[in-house]
Amino acid sequence: MSITPTTSAVNLINTAQQKSADAAQVIAKLPIQNNEVGSSEFKSGDIIKPVLSLKEAELETSAAVKLLEADKKTIGSLLDISA
């Protein structure tokens, strides 16, 4: 089975989507206020890792889009040569 740039890009997008969903879930579970009922004390360090995961997912998605654009350009060039 051959792995195409499109397959790699789709896999990268799926991974980034899962990563961002996991990070968003962690962020959503964090207490917002110090006096929130039934919550543990909020530590600002708790939000750093999921926010960085969101940024990482954004960069992975951007890389996947660039990969798709390069593949499209390559296929277009091949069609121009063979025409």
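The values are calculated or read from the model by the stated rules, or taken from the named source; none is laboratory data. Only a predicted model underlies this, so the values are computations on that prediction, with no experimental measurement involved. Quick reminder, even Gly has a Cβ in these numbers, built from the backbone with ideal geometry, and neighbours come from all protein chains shown.
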Could you check, for region 58-71, whether at least one of its residues is at pLDDT below 90 and surrounded by fewer than 15 Cβ atoms within 10 Å (Cβ to Cβ)?
no
Residues (at pLDDT 90 or above and small (Gly, Ala, Ser)) located in region 29-57:
Ser53, Ala57
Residues within region 53-72 that are without any contact (Cβ under 8 Å) to a residue 24 or more places away in the chain and either outside any helix (DSSP H, G or I) or not acidic (Asp, Glu) (or both), tallied
5
If you check every pair at least six apart or on different chains, which have Cβ atoms under 6 Å apart with a residue in region 4-30 that is touching a residue at least 40 places away in the same chain (Cβ under 8 Å) and over 9 Å from Ala64 (Cβ atoms) first and a residue that is hydroxyl-bearing (Ser, Thr, Tyr) and in a helix (DSSP H, G or I) second?
Lys19/Ser53
